[in-house]
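Asks: Below you will find the structure I want to go over with you.
The values are calculated or read from the model by the stated rules, or taken from the named source; none is laboratory data. Keep in mind that this is a model prediction, so the values were computed, not measured. Don't worry about glycine lacking a Cβ; one is built from the backbone with ideal geometry, like all the others, and counts go over all protein chains shown.
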Amino acid sequence: MRRSKWIVGLVASALTVAGCGQESFAPEAEGPGSVMKAPLEAAWAVGVAYSVGTRVTYEGRVYECRQAHTSQADWTPTAVAALWLDLGPVTGGGDTTAPVVTASSSSTSVTAAGSITLSGSATDNVGVTKIEILENGTLVATASSYSRSFSGSGQNGTYTYTVKAYDAAGNVGSKTVTVTVAIPSNGDVTAPVVTASASASRITAAGSVTVSASATDNVGVTKIEILENGTLVATASSFTRAFSTSAQNGTYTYTVKAYDAAGNVGTKTVSVVVELPGTPPPDGKRIVGYFTAWGIYARNYQVSNVPASKLTHINYAFSNITPDGKCILGDPFADIDKGFGFPGEWDPGALRGNFRAFKELKKTNPNLKLLISIGGWSWSKYFSQVAATAAARTAFVKSCVDLYVKGQFPGVTPANGVGVFDGIDVDWEYPTGGGLPDNISSPADKVNYTLLMQEFRTQLAAVTAQTGQPYLLTIASGASPDLLANKQETVKLAGILDWINVMSYDYHGAFESTVNFHSALDRVTGDPGANDGFYTDGSIAKMLQLGVPASKIVVGVPFYGRGWGNVPNVNNGLFQSGVPTKGTWDDGQSGLTGVFDYKDLKANYERAGSGYTKFFHPESKQAYVYSPSTKIWVAYDDTQSINAKSDYILSKGLGGAMFWELSGDDGSLVNALYNKLH
């Protein structure tokens, strides 16, 4: 849980090229008939146990193994830099003969509507393993032929087709063919006029919706297509879709495209909102808030400011991890030493600090549960290390349980320390790669994460057997659909955990150069990141598709906004270019994060006379403010956003809401969650 860019791709760990003292190699130019030659090293293959230092060839380059592992289909040398060091293009030795490629097109000059077929073939002294066809540099076929139709002058231009052939040694032969398309326009520049309708615009009970389309044209309509959220689903004038479960809830945008013979295209869109009822969790909705230890300083947000009666759980951020794999207090002064005036707090062995304040707070709020959150954006460096072996997992988990569950704080008598925390929340950012550049990571993290959480569950159960008190176990998970599906065993984790807090925010921010919503609820038309599922419903839908029980999904909502500066006054700034700008708490150490507290935005940017105009986007369900004079643009959740996300949680039968973090609110957002979900 952090205010920074969340990344899910693999990054090079400590074993970077520079760190290994390796020399970099520039790839050789590749053109028609060019050859990349292979050395004596064997070609990379699936299911091979590679040791450190082993060299292989892959797609015309040489790689050296960085970490011992058994290869899998998706752990190719180009995909997993943490496993393989790129030594440059192959040179000399072994099979150095590239396939000989022939390529042809059924026509190299297209002057009337019709189709062309590209054909490729190759011979090799050993054997051809793969043929690819690229159109203007983009892969369009992994086959020996490819057909492409041209219907009008709108497609005129020059098309360069490259046929590539590979052999087992990684040698690559290529051949190019150029096709010129020059179809006369015949003066027809009028696009078809499209009409589109849906049998229902809102689905609240199981059933079907039919999208119907028609089009007229001054010459004639040649084709009609229907797309669902950008994906082609029908080449016809109607499409029917069935909805049967709350897992399908969300907004569906259907786009109808009609083409004429000249290549002109007319479009029309229609939206359908699906809101099927789900089964709520038996213990009601959770409202989970993060409390930051550092908030007691400049922010002056104390435990006494926490609206305890409106929360079910609080996650205390954060516990750190030592290089030798042990839990350690994140801020000893704030955690256990600062005096707040409680009776006997300066007695020998007494507990002070935020931990004492929360222990006292729980006396008057007996239903409130407090969990220690371990790691976070800044302190996830050693998770991979502590999860790597059974011995490391056992020792790490024991240190966390002893410290936070058994109350064995430094200088504090355990009898005074016990009873502060009711469970553990693990915030590993992120398994298998990502996060800060110096984080340790490994492909084995995917499986080891599950084993680590099982060890937590086992040791917490042992304490329960002694004390009779149950303890909670949760995680904060990245929200990228790719991470959820491929970088961690999300379904297996859900079987171990009480629930999963999904960090469904920071999808975008000033770490990118395009202005966008950082916590959109639904897919937004025109969003350049929408195809990656970088919005709340994209993440939740992936979890439900994977099989995570709805009641174990807790949706993350931000109590802060993300913004950009120097945003041009086009489309009220949305999807325009932007640069980092100064946020509420930015200083010389933080740099320009563009992160704004909600209470700052409400007080200083929404007010009359501020120079900012506030908007609310109907698809993202986020508010945003923009000023053409300052050129600053900020998106955030306001009470209307919270209400929409709460309705989403209720409609899908999800487990509740989590938010980052308490000090950013003026009370409005917590109240909105409480009024909807309690």
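Asks: Between residues in region 192-217 that are under 13 Å from Lys257 (Cα atoms) and residues that are among the aromatic types (Phe, Trp, Tyr) and assigned to a strand (DSSP E or B), which pairs lie under 6 Å by C-beta distance while being six or more apart or on different chains?
Replies: Going by the 6 Å Cβ cut-off, the qualifying pairs are Val211/Phe239; Val211/Tyr254.
Asks: Right, something else. Look through Gly583, Gly591 and report the one residue that is within 21 Å of Asp665 (Cα to Cα) and not assigned by TED's automatic domain parsing to the domain that holds Ile500.
Replies: Gly583
Asks: Continuing with this model, one more query. Out of contact with any Leu (no Cβ under 9 Å at 6 or more places or on another chain) and of a type outside the set (A, V, I, L, M, F, W, C): is that true of Gly341 in this structure?
Replies: yes
Asks: Would you kindly identify the strands (runs of 3 or more DSSP E) lying entirely within region 68-139 that contain at least 2 residues that are modelled with pLDDT of 90 or more?
Replies: Of the strands (runs of 3 or more DSSP E) lying wholly inside region 68-139, those with at least 2 residues that are modelled with pLDDT of 90 or more span 100-105, 114-123, 128-135.
Asks: Among the candidates Lys381, Lys359, which residue alone is of a type in the set (D, E, K, R), in a helix (DSSP H, G or I) and crowded, with 17+ Cβ neighbours inside 10 Å?
Replies: Lys359
Asks: Next up: Name the residues in region 480-513 that are touching a Gly at 6+ places or on another chain (Cβ under 7 Å) and either buried (at least 24 other Cβ atoms within 10 Å of the Cβ) or closer than 30 Å to Arg562 by Cβ (or both), would you?
Replies: Within region 480-513, Pro481, Trp499, Asn501, Val502, Met503, Ser504, Tyr505, Tyr507, His508, Gly509, Ala510, Ser513 qualify.
Asks: Given region 582-678, what strands (runs of 3 or more DSSP E) lie entirely inside it while holding 2 or more residues that are crowded, with 20+ Cβ neighbours inside 10 Å, in contact (Cβ under 8 Å) with a residue 12 or more places away in the chain and of a type in the set (Val, Ile, Thr)?
Replies: 632-636
Asks: For region 549-559, indicate whether the set of residues that are of a type outside the set (Lys, Arg), in contact with a Lys or Arg (Cβ under 6 Å, 6 or more places away or on another chain) and closer than 30 Å to Lys268 by Cβ is non-empty.
Replies: Among the residues of region 549-559, not one is of a type outside the set (Lys, Arg), in contact with a Lys or Arg (Cβ under 6 Å, 6 or more places away or on another chain) and closer than 30 Å to Lys268 by Cβ, which makes the answer no.
Asks: Separate question: Out of the residues in region 448-489 that are in a helix (DSSP H, G or I) and of a type in the set (Asp, Glu), which is nearest to Tyr316 (Cα to Cα)?
Replies: By that ranking, first place goes to Glu455.
Asks: Could you check, for region 266-282, whether at least one of its residues is within 25 Å of the chain's Cα centre (by Cα), at pLDDT 90 or above and on the phi < 0 side of the Ramachandran plot?
Replies: For region 266-282, residues within 25 Å of the chain's Cα centre (by Cα), at pLDDT 90 or above and on the phi < 0 side of the Ramachandran plot: absent.
Asks: Looking only at residues that are surrounded by fewer than 18 Cβ atoms within 10 Å (Cβ to Cβ) and farther than 19 Å from Asp425 by Cβ in region 386-403, which one is nearest to the chain's Cα centre (by Cα)?
Replies: Checked region 386-403; the qualifying residue nearest to the chain's Cα centre (by Cα) is Thr389.
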